Amino acid sequence: MTNKNIKLSEISDIFKKLDVEELEGVTIEGDIELDISGGGGLNPALAYALGHEAAQVSLHVANIARMLGYPVDQLFATSMGAVPAAETTRPNVLDELIPSKFEVSKVAEWNNSIEEVTLGATSADGGSRKNTITLGGENALPYHFDGEMPHRNYVTMDVFDMPIGMAKSVKENYEDVINDPADWAKKVVNDFNADMVTIHLISTDPLINDTPAREAAKVVEDVLQAVDVPIVIGGSGNPQKDPEVLEKAAEVAEGERVLLASASLNLDYERVAKAATDYGHAVLSWTQLEINAQKELNRKLMKQCGVPRDSIVMDPTTAALGYGLDYAYTNMERIRLAGLMGDDELTFPMSSGTTNAWGARESWMKESPMNEDSNWGPREYRGPIWEIITGLTLSLAGNDLFMMMHPTSVEVLKEITQTLFGSVETESLDITNWIGTEV
Amino acid sequence: MKLNSPLEAYKYLPGTNCGECGETTCMAFASHLIDRSYKLTDCKPMVKVNKYSKKFDVLKQLLAPEIHEVEIGVGERAVKIGGDDVLFRHKLTFFNKTALAYDVWDTMDEKDLVERIKKIDDFKKFYVGEFLTLDMIAVRSTSNDPEKFAATVKKVIDTTDMPMVLCSFNPAVLRAGLDEAADKKPLIYAANQDNWQEVAELVQEYDVAVTVFAPNDLDLLKSLAGTFSGMGIKDIVLDPGTFPTGKELKTTFNNFLKIRRAGINGDHDIAFPIMTVPMTAWMVYDDDVSASYWETVIASIFSVRYGDIMILHSIEPYALLPQLHIRDTIYTDPRTPVTVDPGVMEVGSPDANSPVIVTTNFALTYYTVESDLASSKVDCYILVVDTEGIGVEAAVAGGQLTAEKIKRDFEAAEFDLKTRTNYNTVILPGLAARLQGDVEDVLGANVLIGSADSGRLPGWLETNWPPTKK
């Protein structure tokens, strides 16, 4: 028999006709030359078609060999690894991982720094604080690898100049000091690790006690005597009375570099700003969830009232988790991003009235008012976590200073913000088999 | 997506302004494609007419989100994760809220297992017109025994139709689980450096989504994801490891930032949804309250920064409630209005003897008040005052809620208290008590001060309504 060229498909056709009956007496003589033409660079579809034909051929040939009594399956098992005969969707698994290098760039647009604002003054600077606290100075979003965060977050705890209504789980921490702002201030610093104290002069509100400004200023003096951390002085929120109250308070606190809370667009911010600049304090610029209003007020404080850039802290308003935190969060994030990208009217540290979390019913109500809700569980655990998550979320948006109330909230918020800041050391943990954790 | 403006999308559209999509022009439709409020398939001619099919394919590619979208589970409870196009929610919105999976394990006894699944499945919290609920069950193999795992997976399937994550590093265990659950399309957790070939085989055989796990090794994570992609596997989830404390947590946080930033910036090998496991907090804290708190803290961080799916352990309400709310906070579409329209709204079927309650037009305030009253079947009127979208307490402080503004909005709604009601009385929110005298003078009406929280209004009305003086 002479050699002849034959196409794969023809071989396949030949063998297709063969069945067991026809096998008898069949002899295969000579060489079969497989002519796979087409030159280099088979296209994938053609390669697949050829491969398919070749596989069909080998299947037929193998069947013949099997008929002839040759141990075909054994041969395949040793040469190709076990091939399940019926496997049609054999997974495609690579032998090696494809190596890879992860790379990511820093944000190029963040090239403006946030102002540093220092609160409190030590004896070296004419004050009587044991230490000062510096807010701001960031050149990236908080805790991001794009830039070092120069100062950690700080917590100032609320003290009131008269007994006020509080959620039960807050109140039980302060029952022994509720009538004495100086003792209250000592307690938050000594027992609850507050970095600062905020004295709220709420009794000055004409609709509450209408305490005269001069008298309220005495409470400020008491608090400055009682503690040696930097302080924040807050009014009652009454727009008519607050400028006068803050003026008198600023006067008695001269030299201590307090934060005056607050200047806003709906009161005589010029008086508040003047009180701050006259006595060397910083001023809190408070607006309500509106970035353009925040720009306007900051601009007025700087241009119209001459407040130095290192003496402005912003409070763009804190809404509680579940009660508008989405607006508060995004408002702060937009403000911080604008500042980092060069908007000089927004490059100031931020402060949050995190205590607002206690207005959320989930934090204080004994049970859900909605019959359809699942059980809310014990409220003493709900309240602190509500305050923590409200503050933590805003810390991720760039907030620097937190005004807070519950000692557990303060402890946990400080722990997590300082962890993200990078100053908490712990033992290394092996999580490679966390799935097996027994809990 | 690869397009920045409606014009870029417009040139692929038919340009016939046929109006079938509901918009009057193709340009208007194009702008909805860019803000992702419409899908390309909403353009019927693009789908049906043959000559557009090529443009359809090209535009579909261009519109695909930067972060691959992965679907887990089947039917109504199926969850989608990923699909994002931006790093900050105000730039557009985040899509597909973080899926919350709570764990069960295969060494639980059956009664505890069923009870726990039911608690997870049943938990719900009413919020602004809907219920917030939990999404998934993560089944952990603590026994490392394929039979036990299979039995547990089967029990989960028999008890709930929530989607599952099947968790083991042992391919034999995963196979046993998949034999029970493959048609439910669970997410596999996880392929790592050691088992990836066997897991890849399973994933292809059963056609399910897979998590790749490389604790604090972004090169390896990208290599695993790239290798799986190279094998034709599309539905991949990335777990860079969640280290629960100290500097390792700071590193974890930055790993999430890096992965998502690279993905949004166009690194396809790593443009997949990210998994976080806050339950690693339980490896550190001994007591339940501390562990639940820290787990919730971690869950919150990664709800804000780019976690697309998470595995959690605590099912205490004080953990679940903030977890549900922070997830909702971040994934609420910031383009939806803050406000509702001012005016007088009716709850139930009010008449002349019904109370008139004042609130603000901040959407959250209004819906909270409305649902509290409706849930208790109170018939009443609500005056929604235009406070520029500010809540009661802040609006009183900021001067957006005043007697004059209450009067203005009653007049705008043409609602005369004296003719429409028998009592000439309005009820102010407890947090607006200081306005009482002003409102009495300006409206010439009686003013009652309601509860500080509208959840207590129905109870308050029981003792204070109808008023004693007319």
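The values are calculated or read from the model by the stated rules, or taken from the named source; none is laboratory data. On a predicted model such as this, the values are computed, not experimentally measured, just so you know. All Cβ positions, even for glycine, are placed from backbone atoms using ideal geometry, and neighbour counts span all protein chains on display.
Observations on the model:
- Residue list for region B:261-277, filter: free of Cβ contacts under 8 Å to residues at least 60 places away in the same chain and away from chain A (no Cβ under 11 Å): B:268, B:274, B:276
- Of all residues in region B:349-362, at least one satisfies being within 29 Å of residue B:131 (Cβ to Cβ) and within 12 Å of another protein chain (Cβ to nearest Cβ).
- All conditions but one from (1) in contact with a strand residue (DSSP E or B) (Cβ under 9 Å, 6 or more places away or on another chain); (2) within 14 Å of chain B (Cβ to nearest Cβ); (3) at pLDDT 95 or above apply to residue A:250; the one that does not is (2).
- Selection status of residue B:248, in a helix (DSSP H, G or I), under 27 Å from residue B:290 (Cα atoms), at the interface with chain A (Cβ under 8 Å from one of its Cβ atoms) and out of contact with any Cys (no Cβ under 7 Å at 6 or more places or on another chain): yes
- Residue match in region B:81-88 (condition: within 16 Å of the chain's Cα centre (by Cα), assigned by TED's automatic domain parsing to the domain that holds residue B:158 and under 18 Å from residue B:277 (Cα atoms)): yes
- Residue match in region A:420-433 (condition: more than 9 Å from chain B (Cβ to nearest Cβ) and buried (at least 22 other Cβ atoms within 10 Å of the Cβ)): no
- Scanning region B:94-137 for residues that are at pLDDT below 95 and closer than 19 Å to residue B:334 by Cα, we see that the one that is surrounded by the fewest Cβ atoms within 10 Å (Cβ to Cβ) is B:129.
- Taken together, B:155, B:148, B:184 contain a single residue that is over 27 Å from residue B:212 (Cβ atoms) and not aromatic (Phe, Trp, Tyr), which is B:155.
- Single residue of B:308, B:288 found to be out of contact with any strand residue (DSSP E or B) (no Cβ under 7 Å at 6 or more places or on another chain) and not assigned by TED's automatic domain parsing to the domain that holds residue B:458: B:288
- The listed residue being among the β-branched types (Val, Ile, Thr), out of contact with any Leu (no Cβ under 9 Å at 6 or more places or on another chain) and farther than 27 Å from residue B:312 by Cβ, out of B:93, B:107, B:41: B:41
- Residue within region B:439-454 that is touching an Asp or Glu at 6+ places or on another chain (Cβ under 9 Å) and surrounded by fewer than 16 Cβ atoms within 10 Å (Cβ to Cβ) present: no
- Listed by position, the helices (runs of 4 or more DSSP H) inside region A:323-401 whose residues that are of a type outside the set (A, V, I, L, M, F, W, C) and free of Cβ contacts under 8 Å to residues at least 40 places away in the same chain number at least 3 are A:379-397.
- Within the set A:412, A:424, the sole residue that is under 20 Å from the mean Cα position of the chain (by Cα) and under 30 Å from residue B:192 (Cβ atoms) turns out to be A:424.
- There is no residue in region B:325-346 that is hydroxyl-bearing (Ser, Thr, Tyr), surrounded by 24 or more Cβ atoms within 10 Å (Cβ to Cβ), farther than 24 Å from residue B:237 by Cβ and within 8 Å of chain A (Cβ to nearest Cβ).
- Every residue from region B:13-28 that is assigned to a loop (DSSP other than H, G, I, E, B), under 15 Å from residue B:56 (Cβ atoms) and without any contact (Cβ under 8 Å) to a residue 24 or more places away in the chain: B:15, B:21
- Some residue of region B:259-274 being surrounded by 20 or more Cβ atoms within 10 Å (Cβ to Cβ) and within 29 Å of residue A:383 (Cβ to Cβ): no
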